[in-house]
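Asks: Pasting a structure here, questions to come.
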Amino acid sequence: MTRRGVLLFAGLGLAWGIPYLFIKIAVGELEPAMVVLSRAGLAAILLMPLALFRREVGPVLRRWRPMLVYTVVEIILPWYFLSTAEERLPSSTAGLLLAAVPLAGVAVAFAMGRPERLSGLNWAGIAIGMLGVAALVGLDVGGSDLIAVAQMAVVVVGYALGPAVLARWMSDLPGIGVVAVSLAGTAVAYVPFVLLTGAWPSAWPSGQAILAIVVLAVVCSALAFVLMVSLVSEIGPVKATAITYVNPAVAIIAGVLVLGEQVTVWTIVGFVLVLGGSYFVTRRPRPGDARTASDSAASMPTVSAEGPDEAPAVETRRP
């Protein structure tokens with residue numbers, strides 16, 4: 001990896017590892033719906049001019065049906081449930097549970113009729129990853145937070161389903177256009193929701209909450225997407241998938257250092273098992289194996305867009 005590649009990788013690992021920390025801070029004062037609205041709106045304001053300048057909005061809008069589905073399953077629902085779950089869960093646990101997205105991606109591929117030919121190592125990865133999730137949910141999170149765990153399950157499924165929609169119906173669309181339109185659509189959808197549910201804050205939030213929203217929108221969404229595009233161009237999509245295994249570690253460290261969250265033995269056990277399982281389930285065969293790399297690449301997830309959120313190609317990623 002070049003020096004530029006190392007810097008891009010480090011920057012993206014940080015940008016996609018800290019959202020959970022800042023979501024935790026934001027939902028301490030703001031309703032989850034307001035967090036999603038402000039984050040998506042500000043990020044859209046930053047990216048839409050670039051998408052318009054590159055003439056990428058028109059082609060995306062012409063494919064509005066799959067674009068609508070993608071926006072709902074990838075941003076509108078997951079961002080709300082993630083913010084809601086973090087009212088109960090530590091930020092580090094939320095980030096770690098999302099490392100299970102590659103495991104859900106395999107199930108989504110089967111459900112959409114594009115089953116992956118899994119090797120014994122891939123099946124072992126599924127088993128290991130599920131043991132890690134069980135360790136986190138049953139021994140680290142505790143039964144009192146099962147509602148939050150169910151909300152995180154919605155996030156995991158959404159983050160696995162969104163890229164599958166992109167890969168099947170929109171793989172040829174420009175990435176920045178997809179991201180800008182999806183963020184703008186999310187903001188528009190949340191305006192009436194916030195107003196009707198009374199999620200609009202009755203008092204001006206603190207500087208800490210405002211800073212959290214700005215970081216989520218500018219760093220964790222808009223800037224992260226630009227970094228991701230540059231990173232994939234610099235080192236290629238396969239090497240870039242390693243970012244998936246950095247984000248949860250950043251989330252844990254940030255939660256401990258900033259919020260004073262506790263790391264238990266089961267947090268470490270779950271961390272190792274979930275990431276190990278995700279690595280093995282997404283491992284592609286080497287050239288010369290019975291299954292070629294092209295067979296495997298058809299439905300395997302790739303690199304994260306916010307933490308372990310996978311996407312099929314650089315042109316169709318979102319922050």
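The values are calculated or read from the model by the stated rules, or taken from the named source; none is laboratory data. Predicted model, so just to flag it, every value in this text is computed and none were measured. Don't worry about glycine lacking a Cβ; one is built from the backbone with ideal geometry, like all the others, and counts go over all protein chains shown. Keep in mind that these areas ignore ligands, DNA and RNA; they rest on the heavy atoms of the full protein, side chains included. Shrake-Rupley method; radii C 1.70, N 1.55, O 1.52, S 1.80 Å.
Asks: Take VAL265 and PHE53, extend 7 Å from each Cα along the Cα→Cβ direction, and tell me the distance between the two endpoints in nm.
Replies: Label at VAL265, label at PHE53, 5.5 nm between them.
Asks: Provide MET130, MET228 ordered by accessible surface of protein heavy atoms (probe 1.4 Å), highest first. Show your work: numbers first, answer last.
Replies: Values: MET130 105, MET228 0 Å².
The ranking, largest first, comes out as MET130, MET228.
Asks: Please arrange TRP204, TRP266, TRP123, TRP79 by accessible surface area, largest first, computed with a 1.4 Å probe and ligands excluded.
Replies: Highest to lowest solvent-accessible surface, that is TRP204, TRP123, TRP266, TRP79.
Asks: If amide H atoms are built 1.01 Å from N in the plane of the peptide, which residues on other chains or at least 5 residues away come under 5 Å of the amide H of GLU261?
Replies: Answer set, sorted by chain and number: VAL256.
Asks: Leaving out ligands, DNA and RNA, what percent of the accessible area of segment 1-79 is carbon and sulfur, probe 1.4 Å?
Replies: Carbon with sulfur: 69 percent of the solvent-accessible area.
Asks: What span do the alpha-carbon atoms of segment 98-214 cover on each of the three principal axes, reported in whole Å from largest to smallest?
Replies: Cα extents, longest axis first: 55, 43, 25 Å.
Asks: Averaging over every viewing direction, what projected area does the convex hull of the Cα atoms of segment 41-82 cover, in nm²?
Replies: 3.2
Asks: In square nanometres, what is one fourth of the surface area of the convex hull spanned by the alpha carbons of segment 203-265?
Replies: Approximately 6.1 nm², given one-decimal rounding.
Asks: Quick one: accessible area per residue over segment 141-218, 1.4 Å probe, rounded to a whole number of Å²? The partial results should precede the final answer.
Replies: Details: 3410 Å² over 78 residues.
The answer is 44 Å² per residue.
Asks: Still on this structure, please answer the following. Need one value: the accessible area of GLU74 in square angstrom, 1.4 angstrom probe, rounded to the nearest 10.
Replies: It works out to around 0 Å².
Asks: Here is a follow-up. How do the peptides 175-188, 92-105 rank, highest first, by the average count of neighbouring beta carbon atoms within 10 Å per residue?
Replies: Top to bottom by mean Cβ count within 10 Å: 92-105, 175-188.
Asks: Moving to a separate point now. What is the percent carbon and sulfur in the accessible area of segment 203-278, measuring with a 1.4 Å probe over the protein chains and ignoring ligands?
Replies: 76
Asks: Could you pull the accessible area for TYR80 with a 1.4 Å probe, rounded to 10 Å²?
Replies: Counting only protein heavy atoms, the figure is 70 Å².
Asks: What FRET efficiency would be calculated for the residue pair ALA111, ALA150, taking the C-beta separation as r and a Förster radius of 22 Å, to the nearest 0.05?
Replies: Computed FRET efficiency for ALA111 and ALA150 comes out at 0.70.
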